[in-house]
1. Mind listing whichever residues of the stretch 864-881 are surrounded by fewer than 19 Cβ atoms within 10 Å (Cβ to Cβ) and over 17 Å from Asn899 (Cβ atoms)?
2. Taking the stretch 128-177 only, how many residues are assigned to a helix (DSSP H, G or I), under 21 Å from Leu104 (Cβ atoms) and open to solvent by less than 90 Å² (accessible area, probe 1.4 Å)?
3. Kindly provide the set of residues from the stretch 646-657 that are open to solvent by less than 50 Å² (accessible area, probe 1.4 Å) and closer than 20 Å to Ser705 by Cβ, ordered by number.
4. Give me a count of the residues in the stretch 161-176 that are within 17 Å of Lys37 (Cβ to Cβ) and touching a residue at least 40 places away in the same chain (Cβ under 8 Å).
5. Just give me the residues in the stretch 893-908 being at pLDDT 75 or above and either among the hydrophobic types (A, V, I, L, M, F, W, C) or in contact with a Gly (Cβ under 6 Å, 6 or more places away or on another chain) (or both), in sequence order.
6. Can you tell me how many residues in the stretch 266-296 are outside any helix (DSSP H, G or I) and surrounded by 14 or more Cβ atoms within 10 Å (Cβ to Cβ)?
7. Looking only at the stretch 831-869, which residues are among the charged types (D, E, K, R), more than 33 Å from the chain's Cα centre (by Cα) and farther than 20 Å from Gly816 by Cβ?
8. Return the residue satisfying two criteria in turn: it lies in the stretch 20-45 and is at pLDDT 90 or above and among the polar types (S, T, N, Q), and of such residues it is surrounded by the most Cβ atoms within 10 Å (Cβ to Cβ).
Amino acid sequence: MAWGSSSSSSSSSSNYDVFLSFRGEDTRHAFTGHLYKALHDKGIHTFIDDEKLQRGEQITRALMEAIQDSRVAITVLSQNYASSSFCLDELATILHCHQRKRLLVIPVFYKVDPSDVRHQKGSYAEALEKLETRFQHDPEKLQKWKMALKQVADLSGYHFKEGDGYEFKFIEKIVERVSREINPRTLHVADYPVGLESRVLDVRRLLDAGSDDGVHMIGIHGMGGLGKSTLARAVYNELIIAEKFDGFCFLANVREKSDKKDGLEHLQRILLSEILGEKNISLTSTQQGISIIQSRLKGKKVLLILDDVNTHGQLQAIGRRDWFGPGSKIIITTRDEQLLAYHEVNETYEMKELNQKDALQLLTWNAFKKEKADPTYVEVLHRVVAYASGLPLALEVIGSHLVGKSIEAWESAIKQYKRIPKKEILDVLTVSFDALEEEEQKVFLDIACCLKGWTLTEVEHILPGLYDDCMKHNIGVLVEKSLIKVSWGDGVVNMHDLIQDMGRRIDQQRSSKEPGKRRRLWLTKDIIQVLDDNSGTSEIQMISLDLSLSEKETTIDWNGNAFRKIKNLKILFIRNGKFSKGPNYFPESLRVLEWHGYPSNCLPSNFPPKELVICKLSQSYITSFGFHGSRKKFRKLKVLKFDYCKILTEIPDVSVLVNLEELSFNRCGNLITVHHSIGFLNKLKILSAYGCSKLTTFPPLNLTSLEGLQLSACSSLENFPEILGEMKNLLMLQLFGLLGVKELPVSFQNLVGLQSLILQDCENFLLPSNIIAMMPKLSSLLAESCKGLQWVKSEEGEEKVGSIVCSNVDDSSFDGCNLYDDFFSTGFMQLDHVKTLSLRDNNFTFLPECLKELQFLTRLDVSGCLRLQEIRGVPPNLKEFMARECISLSSSSSSMLSNQELHEAGQTEFLFPGATIPEWFNHQSRGPSSSFWFRNKFPDNVLCLLLARVESIDLDDIPMPKVFINGILCKISSRNYQLYMSLMKRNGTMWKLHTEVS
């Protein structure tokens, strides 16, 4: 049984991490008391029932709800546990919740043998013998207790024997496992979290953890690279275990994210989504976000981390103290201590360097990947620790640089390091930089100065013009040396701010004091100076101008001839810049041109783009490309993007772009004409015209290399473009929102490699009945919300096509397409090899008899077809049939679906309305369980019947059948367990059928 403490809470409405079940007389004041304290000290919210509540024969409703509200149950099975009927009832309830996959049970066998519990021997046999006399009128309860004891003994747990070591160490193992199990929302802190524990305690003391009076806000400040974000993640992980919050949110990289377009609104959306659990939150302005946060979160106790804040405006938009409820905790990390004072954050924690012991351990882990290094390295390790001055990032980078190196290599590296004052500690990082080869150094500086935050694919497109074919190798070296990181999800190339600062510092040190004579220009003031006074030189190869949000509205006055002197310029990035005029000249060396908001309507007429590889002029004023003349001019151009160009009305002749691989002009709202030459670019892989709402026609296509085509949301497009020749590389085509397109041309069949066709929101669309013949490799044909979709009969005739075509389509859906009975008359049987078919939310009244011919169909879904009355045929190999909300289905159709022959092979799952129990169920029994008696031989098939309220069952709650023979639970292997389910809905009830156990 459980033992009580007022500190744990007796409120059944609370959620608990752990529920303790034990025999009070055995362990209340010893083992269980110590276990409870250890859990409590770790911040694990543990239910421990009051001793007074133990009276009586049955567990209370409050106790039952506490079990259901817990995530883990620990059962302390001691010598006299089975002598208490209260404990046994509690155990049965715990295991019932466990079987529903909602409760993890950890048995602790305290000074008893697990086999005694499993087989009810020893003290457990004696206790049950006494209970049999006491409860002889209730054999079912006795059987339930025995079953519960066997089940709990079969679970993975812990066994403590008399004299088997210290109890506190045994308890530590249990607590450690519980901590792991209850903590699914924690963040990755660090590969080697050295020196964090004491810092976490310091921060938690400042936060006054556990107190609910008011909102607690603290700031963690210090220079870059000390681990402020790491500490914040560690504190966050502890707090979400230790305390109950209404919501959590860790807003990482606030500074970087807020500098992007709509950055503050984006952060506000994340905050609201994380705390409220809502998706697709729409904000039109920062001010609206502030208002919504104030109104929606004011009464909520939240845990909020604002990581890497650098402006007062960020805190005003996402982190004001008076927005949240009592007990809320807010942690801000920043490099600027004054920012915290300005925001009235009175409690602050200053990050300091690691002490010598922790620094040595961190270096050892990074260099040797283990806790202790070879003793011969001790001296050189201490010398590196001294040089690194306790900066965690420096230790990680230096350690990574020296992985696998000999003592001689360490000695050589140490000689290169200089002992420097702490204010110049960034210089320590240059040792790793100096170890790079010359080209690796240049690539690193390019990324540090201009390319941080770009995707790896983009970087590999951009830099080859400056280097040879070793780009991937160079980037790999930088990753290995911990100088850059490439995120797994979006492939973004990133680096720590401190390393970026180091790289930019090196670039400044190695560059001329005159901005016009530098290789890279990345400081706004330097770029504007060069463009304004025309002081550029042939030394400049890369310009990257990315104005902050506060600067982007300022018009930049400049000399339009400024690029004339920059003869070797290869890469030009301009983002968020508002220029007074366009350029009069671009150098012929230019390889990459990305200019958001390009101010001219065309490229300079004297620009010879023979080296140009990438051209991106999104949100620009471009109206004419000027791509005319000799093919040699554009022989290298591979990427051309003119997205969001509002005044662009025409895509001109692009026939000279013979090597173009990607062309996009998305969201060009006034585009009305596309030149036919676009359809004959043999190397084009990506063609995207998404959202060109005024485009009415699109030229014919003969693009043999095309891999991606996007014409969705071109709502005025009247016809799908003709396909003039075979195109083998386009595997998937999505057509959304083509309201004017009513059919596919006959030439569509030239998309011979197409495997998946997806239609959505295409009204009154006519689908050719010979679509399967046209597309021999088509395996997926999906349509959604295509109102009025119809088959249109082919000229060859339905029968002719059907006789010569072997369909490869195995997945098809026509959900929400307003289909009527005639859908089955033409073209439907082209899907003769379909395996999965979804016809949800349509208007037909019957399923045709020809369904019997779909011998490969295993899953059919007609849910939401409110008019469906009759099922005339059932596919012979159907395993799953879904007909939720088919309220018009006739009783004869229900009988057909519940026919015994359909389910004899097993492994079927049918859901449909009805109220009749199939006659072929030999036995029926009502109640919480079904019991049948058999002589000698257990039958081959066992069928269970369950009656339940419809609203009480969802996918997570569906009970699974269990079979007991002579009171012993029999294991059902996945091979032998087959499920047949029929949901018959009437007056709020549902019948559920399970089969079978062999």
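The values are calculated or read from the model by the stated rules, or taken from the named source; none is laboratory data. Note that the structure is a prediction, hence the values are computed from the model and not measured. Note that we place each Cβ from the backbone using ideal geometry, even for glycine, and neighbour counts take in every protein chain shown. Calculation scope for accessible area: heavy atoms of the full protein, side chains included, ligands and nucleic acids excluded. Shrake-Rupley method; radii C 1.70, N 1.55, O 1.52, S 1.80 Å.
1. Passing the criteria: Gly864, Leu866, Arg867, Gln869.
2. Matching residues across the stretch 128-177 total 12.
3. Within the stretch 646-657, the subset open to solvent by less than 50 Å² (accessible area, probe 1.4 Å) is 648, 651-652, 654-657.
Within the stretch 646-657, Ile651, Val654, Ser655, Val656, Leu657 qualify.
4. Of all residues in the stretch 161-176, those within 17 Å of Lys37 (Cβ to Cβ) come to 166-176.
Now narrow it down to the ones that are touching a residue at least 40 places away in the same chain (Cβ under 8 Å): 167-168, 171-172, 174-175.
Of the residues in that region, 6 qualify.
5. Let us first name the residues in the stretch 893-908 that are at pLDDT 75 or above, namely 893-903, 908.
Ser894, Met896, Leu897, Leu902, listed by residue number.
6. Of all residues in the stretch 266-296, those outside any helix (DSSP H, G or I) come to 277-285.
Those still in the list that are surrounded by 14 or more Cβ atoms within 10 Å (Cβ to Cβ) too: 281, 283.
Count: 2.
7. Once the filter is applied, which keeps residues that are among the charged types (D, E, K, R), more than 33 Å from the chain's Cα centre (by Cα) and farther than 20 Å from Gly816 by Cβ, the stretch 831-869 yields Asp832, Glu849, Lys852, Glu853.
8. Only one residue tops the list, namely Ser21.
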